[in-house]
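Remarks on the structure that follows.
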Amino acid sequence: MMRLGRTLLGVLVVAACGTCPLQAQQVNVPNETGSLKFAIIGDSGTGDAHQQSVAQMLWKVHQQFAYDFVLMMGDNIYGGESTKDFEKKFLTPYKPMLDAGIKFYAALGNHDSPNQVYYKQFSMNGEHYYTFKPKPGVRIFALDSNYMDAKQLIWFEKELAASGSDWKIAFFHHPIYSSGGTHGSDYALRDQLEPLFLKYHVDVVFAGHEHFYERIKPQKGIQYFISGGAGKVRKGDLHPDDLVAKGFDAGYHFMLIEIGGDQMHFQTISDRGDTIDSGIVLRNAAAGKPSSSQPSTTATVPKPPLPLPKPAAPPAPKQ
């Protein structure tokens with residue numbers, strides 16, 4: 001059984017799995033019948049050999065863990081976005097998954113054209129932010145962290161209030177908690193989003209932007225992950241402090257997620273098949289008191305947020 005008593009809610013349980021080859025140890029999430037299974041990639045769209053190696057391992061894992069869809073944390077297509085670029089940086093690497101009917105749900109990153117909202121394979125349906133319910137009791141919200149204006153915040157609060165779901169999961173590009181030396185925490189975005197996360201009991205938040213993996217210690221009862229290494233890695237950019245539970249910037253990675261009952265199991269895997277991190281997040285931590293494991297963030301020096309550029313008028317939609 002994956003369900004635990006409510007007395008344990010708000011606790012993060014980390015499995016002691018070590019770093020060992022996937023080929024030898026198998027996927028270590030429960031892989032139960034009827035659970036919700038999905039994968040996460042971020043900052044993926046390079047079209048190079050590194051993206052290909054992550055994609056190949058992601059497909060190989062599917063033979064053991066049949067995830068239904070993939071969430072994309074943004075920076076989905078780097079550089080040009082012609083038809084050939086789209087083929088090289090998305091259609092070709094993920095062809096086995098697309099052929100198998102696995103859906104991809106994207107959020108926009110700072111390197112992405114706004115025109116990506118029209119790409120059918122990104123499941124955005126022409127919208128910069130959207131929500132979907134993959135399974136009863138689970139609601140996922142995709143946000144556009146490039147332009148977090150009042151209209152989007154009003155929409156987000158309305159959708160959160162009406163969701164009625166046990167699990168509320170948000171994903172977007174720029175992390176509001178991060179130890180990264182290049183970017184770090186986006187404090188302006190945190191001021192906008194965190195009050196809504198707390199008010200409506202969001203359980204888990206995924207982001208990209210930083211070219212590494214990071215699991216943040218629960219903040220006010222909410223679990224944050226950064227998964228931005230499916231196509232690029234910035235080695236040595238992690239600066240672990242009291243904020244960080246686990247980090248990895250030595251290679252490329254993706255994540256597997258399984259939700260059943262009050263538990264969300266996660267496993268982070270490198271393109272070489274090594275397990276980087278794994279564990280369990282228990283649902284509805286934000287509905288109670290802040291987690292006792294919430295760290296002090298005084299060691300993190302705030303950086304003033306950079307002004308966001310005004311979006312250019314999008315070109316005609318690409319097919």
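Just so it is clear, none of the values below were taken in a lab; they were calculated from the coordinates. The shown structure was predicted, so the numbers you read here are calculated from the model rather than taken from an experiment. Quick reminder, even Gly has a Cβ in these numbers, built from the backbone with ideal geometry, and neighbours come from all protein chains shown.
A compact table of results
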{"item": "Relative pair counts by distance (%), Cα atoms of segment 6-287, 10 Å bins", "result": "7, 32, 40, 20, 2, 0"}
{"item": "Within segment 25-147: Cβ-based charge dipole about Cα centre, in debye rounded to nearest 20 (Lys, Arg +1; Asp, Glu -1)", "result": "380"}
{"item": "Packing-based order for 97-106, 42-51, 198-207, using average beta carbon neighbours within 10 Å, highest first", "result": "42-51, 198-207, 97-106"}
{"item": "Per residue, the convex hull volume that the Cα atoms of segment 76-204 enclose (Å³)", "result": "125"}
{"item": "Mean-position separation - Cα centroids, segment 135-170 and segment 202-265, in angstrom", "result": "20"}
{"item": "Segment 6-287, dipole about Cα centre (Lys/Arg Cβ +1, Asp/Glu Cβ -1), debye to the nearest 20", "result": "520"}
{"item": "Amide H contacts of Y177 (H built 1.01 Å from N, under 5 Å, at least 5 apart or other chain)", "result": "D186"}
{"item": "Partners for K151 among aspartates and glutamates (Cα-Cα distance below 18 Å; same-chain residues under 8 apart left out)", "result": "E127, E159, D191, E194"}
{"item": "Under 14 Å, Cβ to Cβ, from D237 - net charge with Lys/Arg +1 and Asp/Glu -1", "result": "-2"}
{"item": "Using θ = phi - 60° and Karplus 6.51 cos²θ - 1.76 cosθ + 1.60, couplings along segment 174-185 (whole Hz; Gly, Pro as x)", "result": "8, x, 8, 10, 6, 9, x, x, 7, 10, x, 5"}
{"item": "Burial order of peptide ranges 142-148, 189-195 (average beta-carbon count within 10 Å, highest first)", "result": "142-148, 189-195"}
